[in-house]
Amino acid sequence: MARHALLSVSDKRGLDDLARCLVDQHGFTLLSSGGTARSLAQAGLPVIPVAEHTGAPEILGGRVKTLHPRIHGGILARPDDAADRADLERGAIPPIELVVVNLYPFQATVARPGVTWDEAIETIDIGGPAMVRGAAKNHRHVSVLTDPDQYGPYLEALAAGGVDAAYRRRLALAAFRHTGSYDAAIAGWLAAQPELADDTDADTAPLLLSLPRRQSLRYGENPHQPAVWYGHDDRGWGAARQLQGKELSYNNLLDLEAALSTVARFPATEAMAAVVVKHTNPCGVAVGTSAGEALARAIAADSVSAFGGIVALNGPLDGEACAALEGLFLECLVAPAITADAREQLQSRTNLRLLELPTAGAVPAGERQLRSILGGVLAQQRDDDDDDPESWQVVSQRGPTTEEWADLRFAWRVVRHVRSNAIVVARGGCTLGIGAGQMNRVGSAALALDAAGDGARGAVLASDGFFPFDDTVTEAGRRGITAVIQPGGSRRDDESIAAADAAGMAMVCTGRRHFLH
């Protein structure tokens with residue numbers, strides 16, 4: 001009996017070589033449709049158009065091509081089943097041994113700026129997923145290829161004596177992952193459309209993810225932990241251009257994320273800003289009139305912790321700014337642009353991972369943050385909303401001065417990116433001390449105030465959560481802090497306000513906390 005293969009692909013990489021080998025070396029008859037059939041014919045390969053095979057022409061502008069019993073009967077038939085064989089004989093349907101299908105480029109289409117609803121809908125594949133799923137279901141008898149990278153190993157298996165059951169099962173798994181990812185991408189795109197903003201089923205809908213595998217990482221947080229990076233090529237860190245340095249590691253990516261999210265709080269239209277991050281916490285943040293000034297101030301804010309850190313800028317890195325990096329070992333540096341002069345100066349630092357990530361590409365993979373727990377995943381809306389200083393309340397007897405207001409706004413932008421309990425001491429658009437991740441707020445305040453030292457006198461203090469007692473405010477006043485910003489909302493707010501008044505400090509309550517666990 002003749003061997004039949006059905007080929008219908010959007011990604012035509014390697015198609016001609018695969019088809020030629022199937023025909024010349026393994027005696028396959030090729031069935032195909034649309035552009036795939038034309039491509040094979042132009043390559044001089046014998047191909048039977050699907051419409052000729054089924055006796056039914058394409059209809060509805062090509063929406064219906066392969067949805068026919070002579071196609072799906074051939075894919076789903078079990079040749080070792082007598083009833084199936086009888087059905088095939090009555091319909092003169094040849095079994096199809098191989099299905100080679102990858103789907104319309106829906107993800108690439110909706111990623112284009114300005115794509116219309118109708119354009120997106122017309123790239124939702126119908127016949128393709130049906131054939132892939134049918135072949136994957138019948139993997140006991142049918143092989144299904146959904147990726148050009150599978151062609152070589154499949155042909156090697158054929159040449160070695162045939163495709164065994166275990167290999168067909170692996171192909172079936174890959175096929176269902178292919179269609180599952182495709183459907184998740186469609187659902188995700190639909191859910192993001194303004195027309196469906198009032199989706200009443202969103203809270204009860206299952207979590208669907210469609211993220212391609214980018215690469216295996218050397219390891220995870222520790223060398224004994226395998227790790228993989230999933231993400232799109234055109235957004236987020238996938239859109240970054242690495243100019244030099246070793247491959248990014250798991251920890252590099254986590255720290256880069258923390259650094260970029262912090263510096264993004266400072267629009268480049270206001271001032272140049274720089275942040276240094278260690279272990280996902282900022283250790284120095286500063287603004288300046290130039291990239292070099294901002295970078296130098298951020299590093300000087302905690303030069304000890306800056307060693308081996310991750311640096312992010314909100315504007316271009318130029319050659320002049322590179323002077324601030326002299327003698328400092330860094331793991332990574334990211335900026336929206338890096339000038340040729342800066343690249344030349346840094347090229348000798350071969351261990352420095354240097355990345356360009358344009359602002360337009362710095363978008364998250366989704367609207368929600370995900371975190372795995374035992375048996376499931378937690379999802380939350382990102383804490384991305386800008387704060388509204390107009391809604392803040394001065395609760396102390398004395399209001400902040402103009403300089404204190406500027407420092408309070410700066411410190412509040414930073415403290416939301418420090419692990420709770422978070423305390424930030426700042427002055428003049430630069431952090432002086434940061435206390436992160438302590439089990440109590442007094443401990444975090446002690447770290448931040450000790451780091452600031454004498455610089456705390458005349459500085460401001462920001463807390464990501466309210467003060468449950470007056471102890472932190474009292475200590476801040478003793479160290480010379482002149483203004484405090486905090487969410488407010490504690491049952492003991494009156495005590496903290498009284499402590500601020502007793503020390504002559506200004507206190508502002510924002511009405512919103514920014515815990516970061």
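Worth a mention:
- Residue count for the stretch 289-313, restricted to those that are in contact with a Lys or Arg (Cβ under 9 Å, 6 or more places away or on another chain), open to solvent by 10 Å² or more (accessible area, probe 1.4 Å) and within 21 Å of Ala411 (Cα to Cα): 2
- Restricting the first member to the stretch 8-25 and to residues that are over 23 Å from Val64 (Cα atoms) and in a helix (DSSP H, G or I), and the second to residues that are open to solvent by 60 Å² or more (accessible area, probe 1.4 Å) and of a type in the set (A, V, I, L, M), the beta-carbon pairs closer than 8 Å and six or more apart or on different chains are Gln25/Ala159.
- Checked against the criterion of being in contact with a Pro (Cβ under 9 Å, 6 or more places away or on another chain), open to solvent by 10 Å² or more (accessible area, probe 1.4 Å) and part of a helix (DSSP H, G or I), the candidates Ala258, Ala268 yield just one match: Ala258.
- Qualifying position, being surrounded by 14 or more Cβ atoms within 10 Å (Cβ to Cβ), among the charged types (D, E, K, R) and either in contact with a strand residue (DSSP E or B) (Cβ under 8 Å, 6 or more places away or on another chain) or modelled with pLDDT under 85 (or both), among Asp11, Asp16, Asp84: Asp84
- Conditions (1) part of a helix (DSSP H, G or I); (2) over 25 Å from Lys12 (Cα atoms); number of the one not met by Leu155: (2)
- Test: Leu378 is in a strand (DSSP E or B), surrounded by 13 or more Cβ atoms within 10 Å (Cβ to Cβ) and touching a strand residue (DSSP E or B) at 6+ places or on another chain (Cβ under 7 Å): no
- Taken over the stretch 210-234, the criterion of being in contact with a Leu (Cβ under 8 Å, 6 or more places away or on another chain) and modelled with pLDDT under 85 is satisfied by His232 alone.
- Among the residues of the stretch 111-159, the one identified as among the aliphatic types (A, V, I, L, M), in contact (Cβ under 8 Å) with a residue 40 or more places away in the chain, touching a Ser or Thr at 6+ places or on another chain (Cβ under 8 Å) and open to solvent by 20 Å² or more (accessible area, probe 1.4 Å) is Ala130.
- Condition met for Val473 (touching an Asp or Glu at 6+ places or on another chain (Cβ under 7 Å) and not acidic (Asp, Glu)): no
- Some residue of the stretch 66-74 being part of a helix (DSSP H, G or I), under 30 Å from Ala192 (Cα atoms) and open to solvent by 10 Å² or more (accessible area, probe 1.4 Å): no
- Scanning the stretch 489-517 for residues that are in a loop (DSSP other than H, G, I, E, B), open to solvent by 10 Å² or more (accessible area, probe 1.4 Å) and farther than 25 Å from Gln381 by Cβ turns up Arg491, Arg492, Ala503, Gly504.
- Evaluation of Ser33 against the conditions (1) under 21 Å from Thr179 (Cα atoms); (2) modelled with pLDDT under 85 shows that the sole unmet condition is (2).
- Condition met for Gly437 (assigned to a loop (DSSP other than H, G, I, E, B), on the phi > 0 side of the Ramachandran plot, modelled with pLDDT under 95 and surrounded by fewer than 19 Cβ atoms within 10 Å (Cβ to Cβ)): yes
- Residue check, Pro57 of a type outside the set (D, E, K, R) and surrounded by 13 or more Cβ atoms within 10 Å (Cβ to Cβ): no
- Of the residues Arg513, Arg409, Arg492, Arg419, the single one that is touching a Ser or Thr at 6+ places or on another chain (Cβ under 8 Å) and among the basic types (Lys, Arg) is Arg419.
- In the stretch 489-517, the residues that are within 18 Å of Thr401 (Cβ to Cβ), in contact (Cβ under 8 Å) with a residue 60 or more places away in the chain and not β-branched (Val, Ile, Thr): Ala500, Asp501, Gly504, Met505, Ala506, Met507, Cys509
- Count of the stretch 179-229 residues which are assigned to a helix (DSSP H, G or I) and either among the β-branched types (Val, Ile, Thr) or farther than 23 Å from Thr116 by Cβ (or both): 7
- Taken residue by residue, the stretch 476-488 has at least one member that is among the charged types (D, E, K, R) and either modelled with pLDDT of 95 or more or crowded, with 19+ Cβ neighbours inside 10 Å (or both).
- Any chance Lys246 is of a type outside the set (A, V, I, L, M, F, W, C), surrounded by fewer than 18 Cβ atoms within 10 Å (Cβ to Cβ) and under 29 Å from Gln225 (Cβ atoms): yes
- Checklist (1) at negative phi; (2) of a type in the set (Gly, Ala, Ser); (3) open to solvent by 80 Å² or more (accessible area, probe 1.4 Å) applied to Ala426, failing item: (3)
- Considering the conditions (1) surrounded by fewer than 20 Cβ atoms within 10 Å (Cβ to Cβ); (2) under 30 Å from the mean Cα position of the chain (by Cα); (3) in contact (Cβ under 8 Å) with a residue 24 or more places away in the chain; (4) part of a loop (DSSP other than H, G, I, E, B), Pro468 is excluded by exactly one of them, (2).
The values are calculated or read from the model by the stated rules, or taken from the named source; none is laboratory data. This is a predicted model, so every value here is computed, not measured. FYI the Cβ positions are ideal-geometry reconstructions off the backbone, even for glycines, and counts take in every protein chain you see. Surface areas here come from the heavy atoms of the whole protein model, side chains and all, with no ligands, DNA or RNA. Shrake-Rupley method; radii C 1.70, N 1.55, O 1.52, S 1.80 Å.
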